[in-house]
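Here, each number is a calculation from the coordinates, and none is a lab measurement. This is a predicted model, so every value here is computed, not measured. With ideal geometry, Cβ positions are generated from the backbone for all residues, glycine too; neighbour counts draw on all protein chains shown.
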Amino acid sequence: MVTEIPPEERSFKNIPKYATGKTKVKFQDWLEIDQEKIKPDHTANSFGKAKNGKWYGWSHRAVYGFKAGDEVKGDSLGKKVEYAKLPDGADDFDKPSYEADFTIKDDNHAREVAIAFAENVS
């Protein structure tokens, strides 16, 4: 596929689509993400840095990009989260406890947030 949109200006808003609304390319290819795996043998959750400067985290459920200066608020899955325990010791997903709101400090912090997002969304 040929495009005049430079990699640093690519986003989900300008990804090429068919008339049906289906994308013509995988988002990883469009954003030129250098993909990494959280665990080498695990394919469900991944993350990587795109040419647009953002770190993306994703699974089969969702994808999101993070960069220095972004605010991470509320119940964002980019935050560390802990769950209360049920009597049998399993996590109680109805009672999450998220870390406090924060602003992403730098590129390394954005990478950590993308990993947290990929793990939480999988």
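Whole-Å semi-axes of segment 7-121's equivalent ellipsoid, largest first, each the root of 5 times a Cα gyration tensor eigenvalue? Each step should come with its number before you reach the end.
Numbers: eigenvalues 151, 60, 36 Å².
Its equivalent ellipsoid spans semi-axes of 27, 17, 13 Å.
Below 13 angstrom from the Cβ of Ile15, what's the summed charge of the other residues (Lys, Arg +1; Asp, Glu -1)? Computed value for this residue: +3.
When the chain is treated as a Gaussian network with alpha carbon springs shorter than 10 Å, the biggest mean-square fluctuation among Ala68, Ala19, Ala110 belongs to Ala19. For the chain, the longest piece that avoids every one of the GluC sites (Glu not before Pro) found in DSSP loops with at most 16 other C-beta atoms within 10 Å covers 33-98. For trypsin sites (Lys or Arg not before Pro), the sites in segment 77-111 that DSSP calls loop and that have at most 16 other Cβ atoms within 10 Å are Lys80, Lys105. Placing unit charges on each Cβ (+1 for Lys and Arg, -1 for Asp and Glu) gives the chain a dipole about its Cα centre, and among Leu77, Phe47, Asn108 the Cα reaching farthest toward its positive end belongs to Phe47. GNM on the chain, alpha-carbon springs under 10 angstrom: the most fluctuating residue among Asp88, Asp29, Asp101 is Asp88.
Rounded to the nearest 20 debye, the dipole magnitude of the chain is 500 debye, with +1 charges on Lys and Arg beta carbons, -1 on Asp and Glu beta carbons, and the Cα centre as origin.
Using the Cβ atoms and a cut-off under 15 Å, what net charge is assigned to the surroundings of Asp91, where Lys and Arg are +1 and Asp and Glu are -1?
Working: positive: Lys80, Lys85, Lys95; negative: Glu82, Asp88, Asp92, Asp94, Glu119.
Within the 15 Å Cβ shell, the charges total -2.
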